[in-house]
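Undergrad: Sharing a structure here in structure tokens format.
We did not get these values from a lab; they are worked out from the coordinates using the rules stated. Fair warning: this is a prediction, and the values are worked out from it, not measured in the lab. Please note: Cβ atoms are built from the backbone with ideal geometry, for glycine as well, and neighbour counts cover all protein chains shown.
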Amino acid sequence: MNDTVRDKTLALAGVCQAAKLAQQLARQGRADDAALEASVRSILITDSINTVSIYGGVAGVRVGLDTLCEKMSGGPAKNNEFEIARYVLQLVQLAGKLESDAAMTAEVAQRIDQIKNEYSGDNGASRSQLYAGLAQIYKDTLSTLRPKIIVQGEHGYLAEPETVDKVRTVLLAGVRSAFLWMQLGGSRWQLLFDRRRQLATAKGILDELGD
């Protein structure tokens with residue numbers, strides 16, 4: 001398997017995973033714990049030696065790989081799949097806007113580094129504080145760009161501050177993965193015209209993971 005194609009697929013799976021997590025949080029008030037942990041960790045790892053280490057291993061994006069396969073399979077789409085596809089496209093668009101805004105890119109990087117320092121060692125913040133800090137970065141920067149991502153779900157869940165913080169955090173993780181995907185050569189047209197190769201690569205990676 002071509003390493004570049006594999007890395008791009010893993011990064012795109014990171015985008016899909018963030019979209020899936022946002023949907024789960026908004027509609028169920030909870031999300032896959034392992035996937036959520038891996039996606040949050042991917043924000044904080046800014047100097048990795050390779051793509052897979054950003055997610056703590058291939059298993060870190062298993063949910064994203066499954067979601068990518070569902071999206072690329074070409075079968076009859078359900079309403080929730082259209083919703084995820086919309087989130088994925090908007091995350092990619094936001095990453096493109098971020099890439100073209102050097103000042104905002106620098107601000108996001110600086111604030112993530114600050115949170116990394118606060119969340120390490122003896123100064124480790126609580127998990128809720130981590131979500132709140134990452135969510136604030138998204139709110140202050142990426143949410144001011146267009147397209148503005150409107151996450152749909154149950155009002156009761158979206159009225160809970162910690163759930164809102166988690167949603168914004170996973171959206172930040174999605175933009176981080178989309179930014180990486182574009183750095184690896186990904187482009188929006190590939191979402192439409194390179195589906196077969198992306199599907200085959202994602203399935204191959206899932207086969208490596210097994211059950």
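Undergrad: Within the chain, how many Lys pairs sit with Cα atoms under 14 Å apart, leaving out pairs fewer than 8 places apart on the same chain?
TA: Numbers: 8/203; 20/71; 20/78; 20/166; 71/203; 97/148; 139/148; 139/166.
Lysine pairs meeting the criterion: 8.
Undergrad: In addition: Specify the inter-centroid distance of region 97-119 and region 135-149, based on alpha-carbon positions, in whole Å.
TA: 13
Undergrad: Which shape class, rounded, prolate or oblate, goes with region 100-184 when its Cα gyration tensor gives a ≥ b ≥ c as root eigenvalues, a/c under 1.5 marks rounded, and past that a/b bigger than b/c marks prolate?
TA: Working: a/c = 1.96, a/b = 1.03, b/c = 1.91.
It comes out oblate by the Cα gyration axes.
Undergrad: A further question follows. Gain in length, residue 82 to residue 203, computed as 0.36 nm per residue apart minus the alpha-carbon separation, to one decimal in nm? Please report the intermediate quantities before stating the final value.
TA: Numbers: separation 121, 0.36 × 121 = 43.56 nm, distance 2.08 nm.
Residue separation times 0.36 nm, minus the Cα-Cα distance, leaves 41.5 nm.
Undergrad: Right, something else. Taking the number of other C-beta atoms within 10 Å as the exposure measure, put 187, 143, 42, 177 in order starting with the fewest. Present the calculation step by step, with values, prior to reporting the outcome.
TA: Numbers: 187 12, 143 15, 42 26, 177 32.
By the 10 Å Cβ count, ascending, the order reads 187, 143, 42, 177.
Undergrad: Positive end of the charge dipole of the chain (Lys, Arg +1 and Asp, Glu -1 on Cβ, about the Cα centre): tell me which of 93, 22, 178 has its Cα farthest that way.
TA: 93
Undergrad: How far is helix 161-183 tilted off the main Cα axis of the chain, in degrees rounded to 10, range 0 to 90?
TA: 50
Undergrad: Can you sort 107, 208 from fewest to most other Cβ atoms within 10 Å of each residue's own Cβ?
TA: Values: 107 14, 208 9.
Final ranking by Cβ density, sparse to dense: 208, 107.
Undergrad: Another question about this same structure. For region 99-107, what does the Karplus curve 6.51 cos²θ - 1.76 cosθ + 1.60, with θ = phi - 60°, yield as ³J(HN,Hα) per residue in whole Hz, taken in order and with x for Gly and Pro?
TA: 4, 8, 10, 4, 5, 5, 4, 5, 5
Undergrad: Mind giving me the nanometre distance, one decimal, between the label points for residue 145 and residue 196, set 7 Å out from Cα along Cα→Cβ?
TA: Result for the modelled spin labels: 3.3 nm.
Undergrad: In a shell of Cβ-Cβ distance under 10 Å around residue 90, excluding residue 90 itself, what net charge do Lys and Arg (+1) and Asp and Glu (-1) give? Display every interim value, and only then the final one.
TA: Working: positive: 86, 146, 148; negative: none.
Net charge around residue 90: +3.
Undergrad: Find how many whole Å separate the alpha carbon centroid of region 1-80 from the alpha carbon centroid of region 180-206.
TA: For region 180-206 versus region 1-80, the Cα centre distance is 13 Å.
Undergrad: For the chain, treating each Cα as an identical point scatterer without solvent, what Debye log10 I(q)/I(0) comes out at q = 0.09, 0.14, 0.15, 0.16 1/Å?
TA: For the chain at q = 0.09, 0.14, 0.15, 0.16 Å⁻¹, log10 I(q)/I(0) is -0.31, -0.78, -0.91, -1.04.
Undergrad: Mind checking the angle between helix 127-140 and the chain's longest principal axis? C-alpha axes, 0 to 90 degrees, to the nearest 10.
TA: Roughly 80 degrees, rounded to the nearest 10.
Undergrad: Taking neighbour Cβ counts within 10 Å as the exposure measure, how do 51, 169 sort from fewest upward? If you can, show how the numbers build up before the last one.
TA: On the way: 51 23, 169 27.
So the ranking, lowest neighbour count to highest, is 51, 169.
Undergrad: Going by alpha carbons, how many degrees (0 to 90, nearest 10) lie between the helix axis of 3-28 and the longest principal axis of the chain?
TA: Around 60 degrees separate the two axes.
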